[in-house]
């Protein structure tokens with residue numbers, strides 16, 4: 001089986017993008033309605049951050065009141081991105097190594113999509129597990 005390119009996975013979907021000044025409550029509401037785990041934060045078309053369900057749980061766990069917070073206050077700013085011609089295993093490796101579940105896909109500085117762990121086939125996860133086991137034995 002050939003390694004699928006990420007552009008094969010994102011072809012028919014567009015990511016949810018919101019401005020940095022969007023209230024956290026609006027982002028959470030949209031995530032719930034659309035049944036997604038994150039929104040991408042963009043400023044004039046430029047990707048500046050990501051807000052995930054984990055970020056929402058973290059801010060609640062810290063006792064912060066989301067009512068007065070914007071995405072800019074709580075988003076993850078340090079992003080790892082991949083290009084649309086990257087392979088599925090590259091994305092899975094990236095997520096595993098970084099400890100996150102979503103990778104924005106950027107082409108020439110323009111946001112074109114996002115992939116999450118659930119977008120990949122079982123065989124791709126199995127190949128990553130096999131590869132990881134191989135490297136652990138070395």
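The values are calculated or read from the model by the stated rules, or taken from the named source; none is laboratory data. Being a predicted model, the structure only gives us computed values, none of them experimental. Ideal geometry is used to build each Cβ from the backbone, glycine not excepted, and the neighbour counts take in all protein chains shown.
General remarks:
- Among the residues of region 71-87, none qualifies, meaning not one is under 20 Å from residue 39 (Cβ atoms), assigned to a helix (DSSP H, G or I), modelled with pLDDT under 90 and in contact with a helix residue (DSSP H, G or I) (Cβ under 7 Å, 6 or more places away or on another chain).
- Criterion applied to 115, 39 was being without any contact (Cβ under 8 Å) to a residue 60 or more places away in the chain, under 16 Å from residue 14 (Cα atoms) and surrounded by 12 or more Cβ atoms within 10 Å (Cβ to Cβ), and the one residue passing it is 39.
- Taken together, the criteria place residue 50 among residues that are modelled with pLDDT of 90 or more and out of contact with any helix residue (DSSP H, G or I) (no Cβ under 8 Å at 6 or more places or on another chain).
- Residue check: residue 23 meets all listed conditions (1) buried (at least 16 other Cβ atoms within 10 Å of the Cβ); (2) touching a helix residue (DSSP H, G or I) at 6+ places or on another chain (Cβ under 7 Å) but one, namely (2).
- Qualifying positions in region 30-45 - touching a strand residue (DSSP E or B) at 6+ places or on another chain (Cβ under 9 Å) and either over 15 Å from residue 71 (Cα atoms) or not in a strand (DSSP E or B) (or both): 30, 31, 36, 37, 45
- Identity of the residue in region 101-138, in a loop (DSSP other than H, G, I, E, B) and either farther than 27 Å from residue 55 by Cα or touching a strand residue (DSSP E or B) at 6+ places or on another chain (Cβ under 8 Å) (or both), that ends up modelled with the lowest pLDDT: 138
- Residue that is surrounded by the fewest Cβ atoms within 10 Å (Cβ to Cβ) [pool: residues in region 46-70 that are assigned to a loop (DSSP other than H, G, I, E, B) and without any contact (Cβ under 8 Å) to a residue 12 or more places away in the chain]: 63
- Among the residues of region 1-24, those identified as farther than 22 Å from residue 108 by Cα, modelled with pLDDT of 95 or more and either part of a loop (DSSP other than H, G, I, E, B) or out of contact with any strand residue (DSSP E or B) (no Cβ under 9 Å at 6 or more places or on another chain) (or both) are 21, 22.
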